Each structure stands twice: as C-alpha cells, then as structure tokens.
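Engineer: Pasting in a structure now, in structure tokens, and then I'll have a few things to ask.
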Amino acid sequence: MQTTPHANQGETVMTMQSDATTTPNSNLTFQTRFGEVTLQKDRLISFPHGLFGFRECTEFGLASLPNVDESPILLMQCVNEPSIAFLVSDPSVLGLELKDSDRAEALEVTKLSDGTTQFLTILTLYDNGDSYYLTANLKAPVLIDAQKKVGLQYILTNKDYSTQHKI
C-alpha cells in the first residue's frame, strides 16, 4: 500500500498497489498489500460514472480482506485500474446509520432497487504519527445493486452527514 499525504492535516489517502492476473477459471487475482484477492469475473460491478475523484475507475469487485476472519471491512478492488482499491463497509455494521428518508432519496434519484441495493461507505485511514484512526464517508455512500451488477456513488443532501465521520 502506498500512502500519499493529502492537503488536510494528518490525512493519509490509501492507494493499494496490486498486480492482476487471470486464472484459468476466468477469475481475476490481485496481489494487494493485504494478500491475494480473487474476484469472480461474473460478479464484477460496473460503475458507469466511476467514483468521485476516480472517474476512470469503472469496474470493481468486492472481496473479504485476506487472512482476516469475520471483518466488517471489505476491499473494493478496481479492475480497470488495478492500483486503486478502497476499504469499504456497510455503515450499519460499524454502528453508523443512514436515515431511512436519506436512503429512499438515494434510491429514488439513482433508480436502483430497494430490495437488491446495498449501501457501503468508503473508509479513510488517518495517521496521527503515533496512532491511526478511520473515518467513514457518510455524505457520499456507494450504492451497489447486486442484481443489476451496477454501482453508483451518491451525495446525500442531508447536511448532517460528514465525509470524515470518525469511527
């Protein structure tokens, strides 16, 4: 993993370096900082508009962190830009909630289905020098419709949410 200092104090933006290979059964394997991650080609998610700040990243796969049992954090690995990966999690698993009205707004605007769409939050690691902490971007969740295999990032209009909610 490369860490790149960001303009904000103490913030470290994580870019996971990885190399991709294709296995005989049409899976994609990535060597990440966390270990080897395998994505099934038939379960990849298309992000037609990319992610904010990463418009070129249009195809992702989700994987559990290797060598970590029962973690609520997943790795969202970019397939078409293999050096890009994000740590993500369902906010409710982290004890964070998005209001039902905000979830409904996001589903209505994006035209994704309530029954098949999962909300995820992108996590950022901050380095205080002697300690680390995570924040969750609750303001712009990632919505993934598992049935359509489509993902979108949506900016909620509710001003109560932060892009840097400390966990």
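Every number here is computed from the coordinates shown, using simple stated rules; none is lab data. Being a predicted model, the structure only gives us computed values, none of them experimental. So basically every Cβ, Gly included, is an ideal-geometry build from the backbone, and we count neighbours across all protein chains shown.
Engineer: Region 107-148: which trypsin sites (Lys or Arg not before Pro) are DSSP loop and have at most 10 other beta-carbon atoms within 10 angstrom?
Structural biologist: K111
Engineer: Who wins for biggest fluctuation among I73, I155, I122 in a Gaussian network model of the chain, springs between alpha carbons below 10 Å?
Structural biologist: I155
Engineer: While we're looking at this one, here's another question. With unit charges on the beta carbons (Lys and Arg positive, Asp and Glu negative) and the dipole taken about the Cα centre of region 2-166, which residue among I122, L94, L143 sits farthest to the positive side?
Structural biologist: L143
Engineer: Counting only C-alpha contacts under 8 Å and six or more residues apart, can you give the relative contact order of region 2-166 as a whole percent?
Structural biologist: Working: 344 pairs, mean separation 30.4, N = 165.
Rounded, it is 18 percent for region 2-166.
Engineer: Could you check which residue among E108, E59, E36 shows the biggest mean-square fluctuation in a GNM of the chain with a 10 Å Cα cutoff?
Structural biologist: With Cα springs under 10 Å in the chain, the top fluctuation among E108, E59, E36 is at E108.
Engineer: Along region 135-151, what does the Karplus equation 6.51 cos²θ - 1.76 cosθ + 1.60 (θ = phi - 60°) give for ³J(HN,Hα), rounded to whole Hz, x for Gly and Pro?
Structural biologist: 10, 10, 8, 7, 6, 10, x, 9, 9, 10, 8, 5, 6, 7, 6, 10, x
Engineer: Compute the length gained on full extension between L125 and E36: take 0.36 nm times their separation in residues and subtract their Cα-Cα distance, giving the result in nm to one decimal. List each step's numbers first, then the result.
Structural biologist: Numbers: separation 89, 0.36 × 89 = 32.04 nm, distance 2.09 nm.
Stretched out fully, the L125 to E36 stretch lengthens by 30.0 nm.
Engineer: Mind listing the long-range amide H neighbours of R33? Cut-off is under 5 Å, sequence gap 5 or more, other chains count too, H placed in the peptide plane at 1.01 Å from N.
Structural biologist: Sorted by chain and number, the residues that satisfy this are Q17.
Engineer: Mind checking the dipole of the chain: about its Cα centre, +1 per Lys or Arg Cβ, -1 per Asp or Glu Cβ, Debye to the nearest 20? Numbers along the way, then the final one.
Structural biologist: On the way: 12 positive and 20 negative charges, 64 e Å.
For this selection, approximately 300 debye.
Engineer: While we're here: Lys and Arg at +1, Asp and Glu at -1: add these up for the other residues within a Cβ distance under 13 Å of L96 and post the number.
Structural biologist: 0
Engineer: A follow-up question, please. Compute the FRET efficiency between I73 and K111 as 1/(1 + (r/R0)^6), taking r as their Cβ-Cβ distance and R0 = 25 Å, and round to the nearest 0.05.
Structural biologist: According to the calculation, E is roughly 0.30.
Engineer: Another question, if that's okay. For region 2-166, just say rounded, prolate or oblate: build the C-alpha gyration tensor, square-root its eigenvalues into a ≥ b ≥ c, call rounded for a/c under 1.5, and beyond that prolate if a/b exceeds b/c, oblate if not.
Structural biologist: oblate
Engineer: Counting helices only, and only those DSSP H runs with n ≥ 4, report the 222 nm mean residue ellipticity of the chain as the sum of -39,500 (n - 2.57) divided by its residues, in deg cm²/dmol to the nearest 500.
Structural biologist: -2000 deg cm²/dmol
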